[in-house]
Amino acid sequence: MKRILYLIIISFVLVLVPLNANAQCKGFAKKICRMELVPYIHDGNYHAAILTEGEEAELYKTFYSEQEYRIAICGSDNLAEIEFQIMDINKNVLYSNKDHDYTRTWDFVLESSQQLKIAIIVPPGGDNSEEPESGCVAIMFGLKVK
């Protein structure tokens with residue numbers, strides 16, 4: 001009986017810890033990263049996740065022609081510079097912040113509406129620590145109202 005109760009408690013804790021971490025990450029996106037969009041209007045979506053050094057994440061989003069957009073990326077202070085790439089449907093790289101001193105934002109206008117792939121790369125750590133660093137990484141989208 002004690003063993004079953006112990007397993008239930010452990011299962012409950014394992015479920016709540018990731019939920020709490022994701023909630024904290026969303027809070028990080030709301031408080032810290034949203035400021036990167038100013039003067040653009042936030043689209044209302046918070047895309048944030050806990051990533052570890054050496055991991056990548058991808059997001060697909062549709063952008064419409066003749067609209068002025070800003071993409072903003074931010075990450076926890078303990079993570080190295082975060083790279084992001086914007087690719088079209090044919091995997092052509094339209095923008096990489098690696099080529100622009102790891103800037104955290106990109107402003108753009110598309111000539112035609114299209115779905116783009118945003119790849120976020122947390123580079124591997126350079127030190128010899130045993131455990132790779134993990135932290136919140138958020139991507140935010142803004143639109144300039146004309």
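The values are calculated or read from the model by the stated rules, or taken from the named source; none is laboratory data. Please read all numbers here as calculations on a predicted model, not as lab measurements. Using ideal geometry, Cβ is built from the backbone for each residue, glycine included, and neighbour counts are taken over all protein chains shown.
On the stretch given as segment 102-123, residues that are touching a residue at least 12 places away in the same chain (Cβ under 8 Å), within 18 Å of ILE73 (Cβ to Cβ) and not acidic (Asp, Glu) total 13. Screening segment 36-124 for strands (runs of 3 or more DSSP E) wholly inside it with 1 or more residues that are among the acidic types (Asp, Glu) and surrounded by fewer than 12 Cβ atoms within 10 Å (Cβ to Cβ) returns the ranges 56-63. The condition (being at pLDDT below 90, among the charged types (D, E, K, R), surrounded by 14 or more Cβ atoms within 10 Å (Cβ to Cβ) and over 19 Å from LYS144 (Cβ atoms)) is satisfied by just one residue among LYS26, LYS31: LYS26.
Being among the acidic types (Asp, Glu), more than 11 Å from VAL137 (Cβ to Cβ) and free of Cβ contacts under 8 Å to residues at least 12 places away in the same chain is true of ASP99.
Within segment 125-146, the residues that satisfy the criterion of being surrounded by 15 or more Cβ atoms within 10 Å (Cβ to Cβ) and of a type in the set (A, V, I, L, M, F, W, C) are CYS136, VAL137, ALA138, ILE139, MET140, PHE141, LEU143. Of all residues in segment 59-102, none satisfies the criterion of being out of contact with any strand residue (DSSP E or B) (no Cβ under 8 Å at 6 or more places or on another chain), at positive phi and not charged (D, E, K, R).
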